[in-house]
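A short worksheet on the structure shown next.
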Amino acid sequence: MLHELNATQLISIANEYGTPVYIYHAEKITSQYEKLKLAFSSCNSRIFYACKSLTNISILKHLFSLGASLDCVSINEVKLGLMAGFAKEDILYTPNCVDFDEILQAKELGVNINIDSISILEQFGDKFGAGYPVCIRLNPHIMAGGNFKISTGHVDSKFGISIHQMRHIERIVKSTRLHVTGLHMHTGSEIKDINVFLMGLEVMFGMAEHFPELKYIDLGSGFKVPYQPGDAETDVAELGEKVAEAFLKHEGETGKKLQVWFEPGKYLVSQAGYFVVKANVIKQTPATVFVGVNSGFNHLIRPMMYDAYHHIENISNCRGTKRIYTVVGNICETDTFAWDRSIPEVREGDYLVFYNAGAYGFEMSSNFNSRLKPAEVMVKDGHVTLIRKRDEFDDLLKNQVF
Ligand SMILES: *Cc1c(COP(=O)(O)O)cnc(C)c1O
């Protein structure tokens, strides 16, 4: 089953905790994690959960309990990870354009550090030299991913150090005696074609020759999950086989045994998430019928930011006659969740659910229009637990000085 919490369960949670509400199904995260572990079981692999997709500490603890490691893009994510129980060795810090002071903090905390620019590599090398091993984020110049904003490996991208700057890297490594133990790439999100990873891996193997102390190659993520019914998912099983073959071949040729790391975010948590809202107003205009819900891009911005499709169901009237609606939010700005979508008849007061809301949903929410952030609830072993209270009015004033 694509979606595993049913309408009755979602309605009962919405009644108890109010709407809008994010609901996460722990068992779905577990099954996605296990699918990945199985896919890469013939490689010497490690899975780092890219927690920027969803950082609720209860979700982090769940992934920790499964045996995952953690990929963090800010020092605060590192601190949350440590709080959730992850060991420092199991955290990879992959920042971009941060203050050098943040990198010093990460070094103090003892986590793995992934370096993203020549300037930082030089500063880090000057300060710590052989004293602290690093990973280097390379830009392999591969164009991939579902949307330009989430493509990170192309030539115009701000991410990583270009593979054509190897001489700069080598000069710094040589003069500062840095130990480079990892090479990293992450070319974007929603990559269906596994050849993107395999091409990237060949580039990484080429670069690996320059680093005799290399222990792992991190292929990042971008694993796609189905958002629309009938949509494809990245074939991780096939990727696992091909990656295992490639590493075996590389080992045969060079005698080097390298680990492979991955950093999935979306793949692990997207489908586990349900965002339930209430239809406030049904509004006919000469052009369309709008359903105005008690949310907006302040709570779920993916449709507006990335033109993302989120499947919508009317859980209060699952078997109703299908009609065509444009689903919008209540924000004073055009915030259309879906145009001309066929949904069972919606009445004012009905609950609608957005599927695939686990990744980059709550995490990208804001208080725009002085609206409150929603509650988050986790369903695990049949138990329903509130894992974040809904914002209250006082939260809007919390840091204001007046
Ligand atoms: C965002 C990000 C990921 C996760 O991407 P998904 O598409 O959610 O799997 C992994 N690694 C890095 C460095 C990232 O910035």
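Filter region 52-66 for residues that are in contact (Cβ under 8 Å) with a residue 60 or more places away in the chain and either open to solvent by 60 Å² or more (accessible area, probe 1.4 Å) or assigned to a loop (DSSP other than H, G, I, E, B) (or both); which is nearest to the ligand (Cβ to nearest atom)? Going through the qualifying residues, I end up with K52. When F223, F211, F197 are screened for being of a type outside the set (S, T, Y), away from the ligand (no atom under 16 Å from the Cβ) and open to solvent by less than 50 Å² (accessible area, probe 1.4 Å), only F211 passes. Considering the conditions (1) open to solvent by 10 Å² or more (accessible area, probe 1.4 Å); (2) in a loop (DSSP other than H, G, I, E, B); (3) modelled with pLDDT of 95 or more, C43 is excluded by exactly one of them, (3). Scanning region 175-186 turns up one or more residues that are part of a helix (DSSP H, G or I), assigned by TED's automatic domain parsing to the domain that holds I118 and either away from the ligand (no atom under 16 Å from the Cβ) or more than 28 Å from Q228 (Cβ to Cβ) (or both). A14 satisfies every condition listed in (1) surrounded by 20 or more Cβ atoms within 10 Å (Cβ to Cβ); (2) outside the structural domain of A246 (by TED's automatic domain parsing); (3) touching a helix residue (DSSP H, G or I) at 6+ places or on another chain (Cβ under 7 Å) except (3).
Residues in region 67-74 include none that are away from the ligand (no atom under 16 Å from the Cβ), more than 21 Å from Y93 (Cα to Cα), touching a helix residue (DSSP H, G or I) at 6+ places or on another chain (Cβ under 9 Å) and not aliphatic (A, V, I, L, M).
Just give me the residues in region 111-150 being open to solvent by less than 20 Å² (accessible area, probe 1.4 Å), at pLDDT 95 or above and within 16 Å of the ligand (Cβ to nearest atom), in sequence order. The answer is V111, I113, N114, I115, D116, V134, C135, I136, R137, L138.
Is it the case that region 83-97 has a residue that's without any contact (Cβ under 8 Å) to a residue 12 or more places away in the chain, over 20 Å from V269 (Cα atoms) and more than 14 Å from the chain's Cα centre (by Cα)? Within region 83-97, one or more residues are without any contact (Cβ under 8 Å) to a residue 12 or more places away in the chain, over 20 Å from V269 (Cα atoms) and more than 14 Å from the chain's Cα centre (by Cα).
Can we say G265 is buried (at least 16 other Cβ atoms within 10 Å of the Cβ) and in contact with a His (Cβ under 9 Å, 6 or more places away or on another chain)?
It is false that G265 is buried (at least 16 other Cβ atoms within 10 Å of the Cβ) and in contact with a His (Cβ under 9 Å, 6 or more places away or on another chain).
Identification of strands (runs of 3 or more DSSP E) wholly contained in region 256-360 with 3 or more residues that are out of contact with any Lys or Arg (no Cβ under 8 Å at 6 or more places or on another chain) yields 273-284, 322-328, 336-344.
Scanning region 95-110 for residues that are at negative phi, within 16 Å of the ligand (Cβ to nearest atom) and open to solvent by 10 Å² or more (accessible area, probe 1.4 Å) yields a total of 3.
Within region 253-279, residues that are closer than 30 Å to G349 by Cβ sit with their Cβ atoms under 8 Å from residues that are β-branched (V, I, T) and within 10 Å of the ligand (Cβ to nearest atom), at 6+ positions apart or across chains, in these pairs: S270/V225; Q271/V225. For region 310-352, filtering for residues that are in contact (Cβ under 8 Å) with a residue 40 or more places away in the chain, open to solvent by 40 Å² or more (accessible area, probe 1.4 Å) and farther than 26 Å from S366 by Cα leaves 4.
The values are calculated or read from the model by the stated rules, or taken from the named source; none is laboratory data. The shown structure was predicted, so the numbers you read here are calculated from the model rather than taken from an experiment. Here the Cβ is made from the backbone with ideal geometry for all residues, glycine too, and neighbour counts use every protein chain on show. What goes into the accessible areas is simple: the full protein's heavy atoms, side chains included, and nothing from ligands, DNA or RNA. Shrake-Rupley method; radii C 1.70, N 1.55, O 1.52, S 1.80 Å.
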